[in-house]
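J.: Right, I'll just put the structure down here and ask away after.
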Amino acid sequence: VKIDAVDFFYLAMPQITTEADGSQDALVVRVIAGAHVGWGECEASPLTSIAAFVCPMSHGVCRPVAASVLGQKLEDVADIARIAALVERGSMDLLQAPHTWSGIEIALWDLLGKARGEPVWRLLGFSSTGKKTPYASILFGHDPHETLTRVRQVRADGFTAVKVGWGPIGLGSPGEDADHFHAAREGLGPEGQLLVDMGQVWQEDVAAATARLPGLESAGVLWVEEPFYANALGAYAEFASGSAKVRIAGGEGAHNALMAQNLIDFGRVGFIQIDCGRIGGIGPAKRVADYAAAKSITYVNHTFTSHLALSASLQPYAGLIDHRICEYPAAPKALARDLTTNHLVRNRDGEIEVPNAPGLGIEVSSEALRRYLVDVEISVAGNLIFKFPVDWKTNQKMT
Ligand SMILES: [Mg+2]
């Protein structure tokens, strides 16, 4: 079969705010190849990603993603990597291209899995899957008391692992930060896994990060995430060499597999966090997972939106049973929850399992696609180059 159509559903909440919550809108991708359909989701801003698919060619290595995808043969998983290489070459200088391609790539895996009646993790070469321990991601409170209350709430909700990040952390004194770390530990209890996300607050300032180490250590923090810019490899390595107990987590900013491998080799992270909606999809994420496992670095998914994205994010390490911890969107916006008709629900032990169903095992809700859809038209020099929603068969506007 050939790739007949790639459709982008730009969905959004009625109101978009400045909070760092990526579940406020979504770019859902539907790929049609012959009689088969697959679904994926891009990370990052929908309209710029649509633009990267349709924009007129600027020069030979600045082509729209569509030029490398539409009409391509799709018969085997090897075709996905082959098309990925075409996108890499043809859209080399188009920085948004990895975001756009990621959602398409995920949809291609979903499509092939459904066509063969196999879950994606099996197509990736795993013979079985292990349970994952989800951690809830929340924000630090304005003061330590609020942090305590928030962590207590997710603990009461059954999470034994929690990640607290952003908010005021890193902006005050090391002592004030330590109070937040200890408040989080108190809310979680002595046993739970406590993770801290610094949200790149110290840029490249290793001394500022090192000043927080006593507080992080005494609160029993397992990892400190993104203390520096995503690619500040020197700062990462310097901090890692001075920290015996607390390890660094990073990698969500990687938009290809080599960036993630560099973080492992030269940034000396202990946990590599990969977002399939950004790194180029499931294939490159699996490459990073295998690389991490070989180097005894723990692979962790990064995902903050729907359960379609969550399922995609789990596939690359579904069969790596020693890599247990996983990010779980604990409080997404209604759009992200409504987007799928089924969800990866925690079992009685608070763990989740990767679906044992064809493709990604997640159904997209057509009702949600209608309810949250944003009408988009893009024209250039008077020619309409993108218009959605349309029915791909009749080219008529959907109602
Ligand atoms: Mg983060």
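J.: Which listed residue (Ile138, Phe181, Val380) has the Cα farthest towards the positive end of the charge dipole for the chain, taking +1 on Lys and Arg C-beta and -1 on Asp and Glu C-beta about the Cα centre?
T.: The residue sitting farthest along the positive end of the dipole is Val380.
J.: In addition: Please identify the trypsin sites (Lys or Arg not before Pro) of the stretch 221-270 that satisfy two criteria: DSSP loop assignment and at most 12 other Cβ atoms within 10 Å. Which are they? Before the final figure, lay out the partial values.
T.: Details: sites: Lys245, Arg247, Arg268; in loops: Lys245, Arg268.
Here the trypsin sites (Lys or Arg not before Pro) that fit, given the DSSP loop and packing criteria, are Lys245.
J.: Obtain the radius of gyration and the Kirkwood radius of the stretch 4-111 from its C-alpha atoms and give Rg over Rh.
T.: Computed over Cα atoms, the ratio is 0.99.
J.: Further question on the same structure: Which entries of Lys132/Lys163; Lys2/Lys295; Lys286/Lys387; Lys2/Lys132 have Cα-Cα distances beyond 26 Å here?
T.: Working: Lys132/Lys163 15 Å; Lys2/Lys295 38 Å; Lys286/Lys387 34 Å; Lys2/Lys132 36 Å.
Pairs exceeding the cut-off: Lys2/Lys295; Lys286/Lys387; Lys2/Lys132.
J.: Please give the per residue accessible area of the stretch 44-153, computed with a probe of 1.4 Å over protein heavy atoms only, in Å².
T.: Values: 4650 Å² over 110 residues.
The answer is 42 Å² per residue.
J.: According to a simple spin-label model (label point 7 Å from Cα along Cα-to-Cβ), what is the distance in nm between Ala5 and Lys387?
T.: For the pair Lys387/Ala5, the computed spacing is 1.4 nm.
J.: Using θ = phi - 60° and the Karplus relation 6.51 cos²θ - 1.76 cosθ + 1.60, list the HN-Hα couplings for the stretch 148-158 in order, rounded to whole Hz, with x at every Gly or Pro.
T.: Using θ = phi - 60°, the values come out as 4, 4, 5, 5, 4, 4, 6, 5, 5, 7, x Hz.
J.: Right, here's the next one. According to the square roots a ≥ b ≥ c of the eigenvalues of the Cα gyration tensor, what is the shape class of the stretch 79-207, taking rounded for a/c under 1.5, prolate for a/b larger than b/c otherwise, and oblate for the remainder?
T.: Numbers: a/c = 3.64, a/b = 1.71, b/c = 2.12.
In terms of gyration-tensor shape, oblate.
J.: Here is a further query. State the Cα centre-to-centre distance between the stretch 292-362 and the stretch 117-170 in whole Å.
T.: Centre-to-centre (Cα) distance: 11 Å.
J.: List the relative contact order of the chain as a percent without decimals, with contacts defined as Cα pairs under 8 Å and 6+ residues apart.
T.: Numbers: 882 pairs, mean separation 72.9, N = 399.
RCO, the chain: 18 percent.
J.: Report the normalised scattering of the chain as log10 I(q)/I(0) at q = 0.06, 0.10, 0.15 Å⁻¹, calculated by the Debye formula with identical scatterers on the alpha carbons.
T.: Per q value, in the given order, log10 I(q)/I(0) is -0.23, -0.65, -1.39.
J.: Checking the a/c ratio against 1.5 first, then a/b against b/c, what shape does the Cα gyration tensor give for the stretch 53-135? The partial results should precede the final answer.
T.: Numbers: a/c = 2.99, a/b = 1.87, b/c = 1.60.
It is prolate, given that a/c is not under 1.5 and a/b is the larger ratio.
J.: Mind checking the full-extension length gain between Glu217 and Leu373? Use 0.36 nm per residue of separation minus the Cα-Cα distance, one decimal, nm. All intermediate terms of the calculation are to be shown ahead of the outcome.
T.: Details: separation 156, 0.36 × 156 = 56.16 nm, distance 4.60 nm.
Roughly 51.6 nm would be gained on extension.
J.: Under the rule that an exposed site lies in a DSSP loop and has at most 15 other Cβ atoms within 10 Å, name the longest stretch of the chain with no chymotrypsin sites (Phe, Trp or Tyr not before Pro) of that kind, not counting the sites themselves. Don't skip to the answer; put the middle values down first.
T.: Working: sites that count: Tyr229, Phe266, Trp392.
Segment 1-228 is the longest.
J.: Can you tell me the alpha carbon radius of gyration of the stretch 164-250 divided by the globular rule-of-thumb value 2.2 N^0.38 Å?
T.: Numbers: Rg = 11.8 Å, N = 87, 2.2 N^0.38 = 12.0 Å.
Here the Cα radius of gyration is 0.98 times the empirical estimate.
J.: Which net charge results when you count Lys and Arg as +1 and Asp and Glu as -1 among the other residues whose beta-carbon is under 13 Å from that of His255? Intermediate values should be presented prior to the final figure.
T.: Working: positive: Arg278; negative: Glu43, Glu88, Glu105, Glu252, Asp275.
Residues close to His255 contribute a combined charge of -4.
J.: Oh, and also: Starting from the Cα of Ser173, step 7 Å toward the Cβ, then list every residue of the stretch 196-225 with an amide N under 20 Å from that point.
T.: Only 202, 207-219 pass the distance filter.
J.: Solvent-accessible area per residue for the stretch 260-314 at a 1.4 Å probe radius, Å²? Could the numbers behind the result be given before it?
T.: On the way: 1400 Å² over 55 residues.
Accessible area per residue, the stretch 260-314: 25 Å².
J.: Connecting C-alpha atoms closer than 10 Å in a GNM of the chain, tell me which of Leu344, Leu171, Leu310 has the biggest fluctuation.
T.: Leu171
J.: With +1 on each Lys and Arg Cβ and -1 on each Asp and Glu Cβ, how big is the dipole of the stretch 190-243 about its Cα centre, in debye rounded to the nearest 20? If you can, show how the numbers build up before the last one.
T.: Values: 1 positive and 8 negative charges, 17 e Å.
It comes to approximately 80 debye.
J.: With +1 on each Lys and Arg Cβ and -1 on each Asp and Glu Cβ, and nothing else charged, work out how big the dipole of the stretch 1-138 is about its Cα centre, in Debye to the nearest 20. Write out the running numbers ahead of the final one.
T.: On the way: 11 positive and 15 negative charges, 84 e Å.
The dipole of the stretch 1-138 has a size of about 400 debye.
J.: Roll a 1.4 angstrom probe over the protein heavy atoms and tell me the percent of accessible area of the chain that is carbon or sulfur. If you can, show how the numbers build up before the last one.
T.: Working: 8620 of 16650 Å².
Here it works out to 52 percent.
J.: If you don't mind, another one. I'd like the GluC sites (Glu not before Pro) in the stretch 189-293 restricted to DSSP loop residues with at most 13 other Cβ atoms within 10 Å, sorted by number.
T.: Numbers: sites: Glu191, Glu204, Glu217, Glu225, Glu238, Glu252; in loops: Glu191, Glu204, Glu252.
Those that pass, being in a loop and sparsely packed, are Glu191.
J.: Right, next: Kindly state, to the nearest 0.05, the FRET efficiency for Asn231 paired with Asp205, given R0 = 25 Å and r defined as their beta-carbon distance. Intermediate values should be presented prior to the final figure.
T.: Numbers: r = 15 Å, r/R0 = 0.61.
Once rounded, the FRET efficiency stands at 0.95.
J.: Separate question: Given all pairs of different Cα atoms, what value in angstroms does the Kirkwood hydrodynamic radius of the stretch 315-386 take? Don't skip to the answer; put the middle values down first.
T.: Working: mean 1/r = 0.0641 Å⁻¹.
The answer is 15.6 Å.
J.: Looking at Pro56, Trp121, Leu339, which one has the Cα that reaches farthest to the positive end of the dipole of the chain (charges on Cβ: Lys, Arg +1; Asp, Glu -1)?
T.: In the chain, that residue is Trp121.
J.: Considering only DSSP states other than H, G, I, E and B, which trypsin sites (Lys or Arg not before Pro) in the stretch 110-167 qualify as loop sites with at most 16 other Cβ atoms within 10 Å?
T.: Working: sites: Lys114, Arg116, Arg122, Lys131, Lys132, Arg150, Arg152, Arg155, Lys163; in loops: Lys131.
Of the trypsin sites (Lys or Arg not before Pro), the ones in loops of the stretch 110-167 whose Cβ has at most 16 other Cβ atoms within 10 Å are Lys131.
J.: Can I ask one more? If R0 is 22 Å, what FRET efficiency do you get for Leu258 and Ser296 from their C-beta distance, rounded to 0.05? Write down the numbers at each step before the final one.
T.: On the way: r = 20 Å, r/R0 = 0.90.
For R0 = 22 Å, the calculated efficiency reads 0.65.
J.: Can you compute log10 of I(q)/I(0) for the stretch 190-345 with the Debye formula, treating each Cα as one identical point scatterer, at q = 0.08, 0.16, 0.21 Å⁻¹?
T.: With no solvent term, the Cα-only Debye profile gives -0.23, -0.88, -1.34.
The values are calculated or read from the model by the stated rules, or taken from the named source; none is laboratory data. Owing to the predicted nature of the structure, the values given are computational and were not obtained by experimental measurement. Glycine gets a Cβ as well: all are built from the backbone with ideal geometry, and neighbour counts include every protein chain shown. Please note that ligands, DNA and RNA were not included when accessible areas were found on the heavy atoms of the full protein model with its side chains. Shrake-Rupley method; radii C 1.70, N 1.55, O 1.52, S 1.80 Å.
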